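I have placed the structure first, in the form of structure tokens, so that the comments after it can refer back to it.
Here, each number is a calculation from the coordinates, and none is a lab measurement. As the structure is a computational prediction, the values presented were derived from the model and not from experiment.
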Amino acid sequence: MTSRHLMVLAAGMLLTGAARAELDFPTRPAPGTIALAMTISAATAVAARCEGQQKAGAEQMLEALQARAAEMAPEQRGYVSGYTMANFLADLMNGASREQRRAGCREALARLGHAQTSGMRRE
């Protein structure tokens, strides 16, 4: 996990705590929650940046992943949502040009592939 992942995870934890109106730290993510959050985040990035078959494939995968996340406990869904939102906002802040979005598409596809293989090893 890179420092960016840790930063985004921390932001997700803060968003989860704020959403639950708790002042103390929320419970820790369950095993597999972070891997699922990383995969959903990468699929969201592909769907937002890419075109054509890549976008359609990412949107289809995103639906399946979101259905899987819907089966999780509410606080774990909060982690997934918080992580995905924080990562998406961090990417959005880059204000990318069309060329940068294309490069971002390649990067997001690489992250998606990495997140999928990481998730498969843990499960």
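From the backbone phi of the range 34-39, what are the Karplus-calculated ³J(HN,Hα) couplings (6.51 cos²θ - 1.76 cosθ + 1.60, θ = phi - 60°) in whole Hz, Gly and Pro given as x?
5, 4, 5, 4, 5, 5
Read phi for every residue in the range 40-50 and hand back ³J(HN,Hα) as whole Hz from Karplus 6.51 cos²θ - 1.76 cosθ + 1.60, θ = phi - 60°, with x for Gly and Pro.
Ordered by residue, 3J(HN,Hα) equals 4, 4, 5, 5, 5, 5, 5, 4, 7, 9, 8 Hz.
Which length gain, in nm to one decimal place, applies between M85 and A56 when the Cα-Cα distance is subtracted from 0.36 nm times their residue separation?
8.4 nm
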